[in-house]
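Structure first, then comments.
The values are calculated or read from the model by the stated rules, or taken from the named source; none is laboratory data. Just so it is clear, the model here is predicted, and its values are computed rather than measured. As a convention, Cβ positions derive from the backbone with ideal geometry for all residues, glycine included, and neighbour counts pool all protein chains shown.
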Amino acid sequence: MCASRTPTAHSQSYCFANKGTYRFTESGPGTTVWVDKISTGNNWVNYHDANGTTVAYRKHYIISFPTRPPHVDWIEIL
């Protein structure tokens, strides 16, 4: 699973492999990210946004959010 994120000051890309979770909120106090693009690869992915909503994406799925990116607290690779 790869995600491009846009924090306030700069852009970064993250790639994760295998089953597990990554909590952006554990990177520091108040840390959540705006995710511009998600590419799931060989795994199903759930993202959990800052509003408490969970969204699931199937494997081999790519989605971009050019105008309204989700505000993500953590991701889960299934």
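Taking into account only those residues within region 61-78 that are assigned to a strand (DSSP E or B) and among the charged types (D, E, K, R), which is modelled with the lowest pLDDT? So the residue we want is 73. Candidates in region 2-43 are the residues that are closer than 16 Å to residue 65 by Cβ and of a type in the set (D, E, K, R); of these, the one that is modelled with the lowest pLDDT is 5.
Under the condition of being within 13 Å of the chain's Cα centre (by Cα) and not in a strand (DSSP E or B), which residue from region 42-60 is nearest to residue 12 (Cα to Cα)? Steps first, please.
Start the filter on region 42-60 by keeping residues that are within 13 Å of the chain's Cα centre (by Cα), which leaves 44-50, 53-57.
From the residues that got through so far, the ones that are not in a strand (DSSP E or B) too are 44, 50, 53.
Working: 44: 22, 50: 19, 53: 23 Å.
Among those that are within 13 Å of the chain's Cα centre (by Cα) and not in a strand (DSSP E or B), it is 50.
The residue pairs whose first member lies in region 59-78 and is small (Gly, Ala, Ser), whose second member is assigned to a strand (DSSP E or B), and whose beta carbons are closer than 6 Å, counting only pairs six or more residues apart or on different chains, are 64/37.
Let me confirm something: among 66, 70, which residue is within 17 Å of residue 12 (Cα to Cα) and either surrounded by 14 or more Cβ atoms within 10 Å (Cβ to Cβ) or in contact with a His (Cβ under 6 Å, 6 or more places away or on another chain) (or both)? Steps first, please.
Values: 66 fails: either surrounded by 14 or more Cβ atoms within 10 Å (Cβ to Cβ) or in contact with a His (Cβ under 6 Å, 6 or more places away or on another chain) (or both).
Testing whether each residue is within 17 Å of residue 12 (Cα to Cα) and either surrounded by 14 or more Cβ atoms within 10 Å (Cβ to Cβ) or in contact with a His (Cβ under 6 Å, 6 or more places away or on another chain) (or both) leaves just 70.
Those residues that are under 17 Å from residue 12 (Cα atoms) and either in contact (Cβ under 8 Å) with a residue 12 or more places away in the chain or in a loop (DSSP other than H, G, I, E, B) (or both), I need them from region 27-39; list them, please. Give the steps one after another, and end with the answer.
Of region 27-39, the ones under 17 Å from residue 12 (Cα atoms) are 27-28, 31-39.
Within region 27-39, 28, 31, 32, 33, 34, 35, 36, 37, 38, 39 qualify.
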